[in-house]
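The values are calculated or read from the model by the stated rules, or taken from the named source; none is laboratory data. Worth saying up front: this structure is predicted, and the values here are computed from it rather than measured. Note that each Cβ is placed from the backbone with ideal geometry, even for glycine, and that neighbours are counted across all protein chains shown.
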């Protein structure tokens with residue numbers, strides 16, 4: 001995902017709605033691939049161990065596009081985060097316990113990199129891992145903001161590495177429990193009064 005606006009043509013409306021685009025940032029670090037992939041994994045993590053779930057069931061439960069989930073699950077399968085079972089009762093399941101799946105592994109499998117700025121992605125064949133600067137030929141001088149974006153990237157990666165799928169599953173389960181207990185039981189609902 002590109003986070004720089006230098007190759008995009010921005011309208012005045014876009015810039016007014018998102019002033020950070022003026023400095024080369026947009027509202028998010030990750031694409032929907034990461035968001036939907038994490039949501040898919042959370043749903044798989046909520047299932048009883050060893051019970052495969054169909055992508056259609058997850059797409060319906062999370063209101064996600066099935067065709068897009070099929071592409072996402074292929075990336076997760078390639079990264080050995082999920083495994084599939086064929087047959088009438090087949091589907092997908094986690095390849096290991098949610099406690100053993102860190103979010104940095106998930107996001108890197110889905111996004112390919114974590115880069116707060118476009119200059120962080122060095123896709124040249126002879127790339128040596130250095131952070132590039134989009135403002136000039138980075139011949140060792142470095143961009144004035146390189147330190148900031150390097151720290152942002154390191155902070156994001158550390159947070160992802162420190163967060164397990166199990167934590168997200170627990171959070172989701174608590175959220176669902178809270179929502180269910182806040183609902184008014186049907187026998188207590190009152191019909192609207194006619195005026």
* **Residues of the range 61-71 that turn out to be over 19 Å from residue 168 (Cα atoms) and not in a helix (DSSP H, G or I), as a count** => 1
* Asked: Can you tell me which of 74, 115 is closer than 16 Å to residue 35 by Cα, at pLDDT 70 or above and assigned to a loop (DSSP other than H, G, I, E, B)?
  -> 115
* Positions within the range 77-99 being more than 18 Å from residue 172 (Cβ to Cβ) and not in a loop (DSSP other than H, G, I, E, B), in sequence order -> 77, 78, 83, 84, 85, 91
* Please enumerate the residues belonging to the range 39-60 that are surrounded by 13 or more Cβ atoms within 10 Å (Cβ to Cβ) and assigned to a helix (DSSP H, G or I). => 39, 40, 41, 42, 43, 44, 45, 55, 57, 58, 59
